[in-house]
Each structure stands twice: as structure tokens, then as C-alpha cells.
1. In the structure shown, do any of K27/K107; K104/K162; K53/K104 have a Cα-Cα gap over 32 Å, and if so which?
2. Quick one: check the C-alpha center-to-center distance for the range 17-82 versus the range 143-211, whole angstrom.
3. What order do you get for M1, M28 when you list them from fewest to most C-beta neighbours inside 10 Å?
4. Which whole-number percent of Cα pairs in the range 161-205 have a distance greater than 15 Å?
5. Quick check: pseudo-label points 7 Å beyond the Cα along Cα→Cβ at L204 and V17, how many nm apart are they?
6. Which ordering of M205, M110 is given by a fewest-first count of other beta-carbon atoms within 10 Å?
7. Let me know the volume per residue of the alpha-carbon convex hull for the range 1-50, in Å³.
8. Hey, fewest Cβ within 10 Å first, where do C100, C163 land in order?
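Quick note: the coordinates plus some simple rules give every number you see, no bench work behind them. The structure displayed is predicted, hence computed values, not measured ones. Here the Cβ positions follow ideal geometry from the backbone for every residue, glycine too, while neighbour counts run over all protein chains shown.
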Amino acid sequence: MKIVVTAGPTREYLDPVRFLSNPSTGKMGFSVAAEAARRGHDVTLIAGPVALKTPSGVRRVDVVSAREMLEKSLESLKHPNTQTVFVSTAAVADWRPATCAAQKLKKHEMSSTLKLVRNPDILKTISQLSKHPNTPTPQRPNLLLVGFAAETNDVLAEAARKCREKGLAFIVANDVTEAGSGFGTATDRVTFVYPDGRQEKFPLMTKRRVAAALVRTVERLSAEGGRLSAEGGGDFVRSRPSRGQSRRDP
Ligand code: C5P
């Protein structure tokens, strides 16, 4: 399978030396890419600014801003002949400064308020394009989308809403207030939430093991025929996980 993974934060510059961002380290996405490559998949990793080594066997594309990440993501999905999975682990900045100065702003040139504009939602954009076969983009009949939801409250309800809203095969919900879970940690306690509301809970485990569980799940969904309908309808008609699936730490 072809697997495209986004990872890390994005940076939204307001001048050449100042930006808005978040503490994402990219560990989760790099672990997914490493595991997918280890299992023989064709992997593209679209990485925001992070200090991690490229996993072996992975094609890496470095980006800085959300708009650049969207552009490279769309490019990487241009040839959807084979079953393709898009795994969005990136902590994309939702907003960017309305303008970016060409030169460093002097303190006296800056105002105490910063005008922001919304960034595109990469995952939602890809999901919506794949639902509209008449848009001037290649049809993506074999695209399966996986998202991440890092939440501080109403974790599973929020994750379920995002899973439906963004047309995902499943979403990985993560309570970032829990000890050992969240940005920069080596471990996570996650729940896979499916569009039909079903939940698959995992114990606290390393990001590597979360990645292994994720890759195995997309392999299974894909083998079960989880795919967009012939009309490009955007729903994974047969992407339900089988009953009795293992909840064990892989
Ligand atoms: O930020 P939010 O909780 O909505 O993120 C849910 C999912 O959407 C994540 O998988 C994230 O990578 C993706 N996302 C995105 N573009 C954004 C915001 C989030 O692709 N602008």
C-alpha cells in the first residue's frame, strides 16, 4: 500500500524570525512512517519542522507552514491507483498571521494585537475533494483517511465528532492531560474511534506500539475492502473492524 503520513507541527511566520506553532515533536508520525516502511509499504512522510532522523526506507518531504503541508499532501496523493492511506498525525496550526513581513519587525512597528486568518484543514480538504469526483483533482477511489485527536476534555465525544466530520476510517483519540500521553512523550494511551461510534481502547503503550496497531488496522480495513464507493461518495462502505479484534498491546 501507499501510505502518506503528516507529522510534527507547522510554523506560521509573522516575520522572518517570529512564528506561531505548538510543541509537537513529530514522534508519532515518524513512528507510523517507520512501522509502515518496516512492513513493506511505500511511505511518504510530510514533516513539519522537527529534530528527528528520517526512518529508513521512507521518502521524506519537509515543509514549514500548514499551506505548504496541504500542497505537498495533495501532490503526494496525485496517483491514487493503488490503495492509499493518508495518516494525519500533524499538529497543524489552525491560524496564521494575516500578513508576514519580509523583514524583521521592529518592536515599535508591532501592535499588541495580531490579526490572524484560518489555515486550511488539510484532512478535511482531502476528504472533501475525494467526495466530489467532479472537482478538477484526480479521483481517489482507494483513499482511506486516518486522523488523530489530541484532546483535553470530552475526549471520545470530540474524537467521534471529528471522525464523522472529516470522513475518516477511524481516529486515534488521545487525552493529552493524562500522565504519559501527549506532546513529546514516549508513550500514549489511545482509543481508536470508528465512524459508527465503536471504540477500541488500548493500554498505555509506546508510540511505536501505537504505530504498529495503527498500521495493522489500516492493513486490515484495506483487506476488508474499506474503500470509497464507486461514485466517489467518500464513505468507507465496508470498513468496519471485525468483531473480537485484539485489544492487546501489539
Ligand atoms: O486539530 P484537530 O483536533 O481538528 O485535528 C484532528 C485531525 O485533523 C488531526 O489528524 C490533524 O492532523 C488534522 N488537521 C489537519 N489540518 C488542520 C487541523 C487538523 O489536517 N488545519
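1. Numbers: K27/K107 35 Å; K104/K162 38 Å; K53/K104 30 Å.
Pairs exceeding the cut-off: K27/K107; K104/K162.
2. First find each Cα centre; the distance between them is then 19 Å.
3. M1, M28
4. On the way: 430 of 990 pairs.
Cα-Cα pairs in the range 161-205 separated by more than 15 Å: 43 percent.
5. Distance between the two pseudo-spin positions: 4.1 nm.
6. On the way: M205 20, M110 13.
Final ranking by Cβ density, sparse to dense: M110, M205.
7. Details: hull volume 3.2 nm³, N = 50.
It comes to 64 Å³ per residue, whole-number rounded.
8. Numbers: C100 14, C163 25.
Least crowded to most crowded, the residues run C100, C163.
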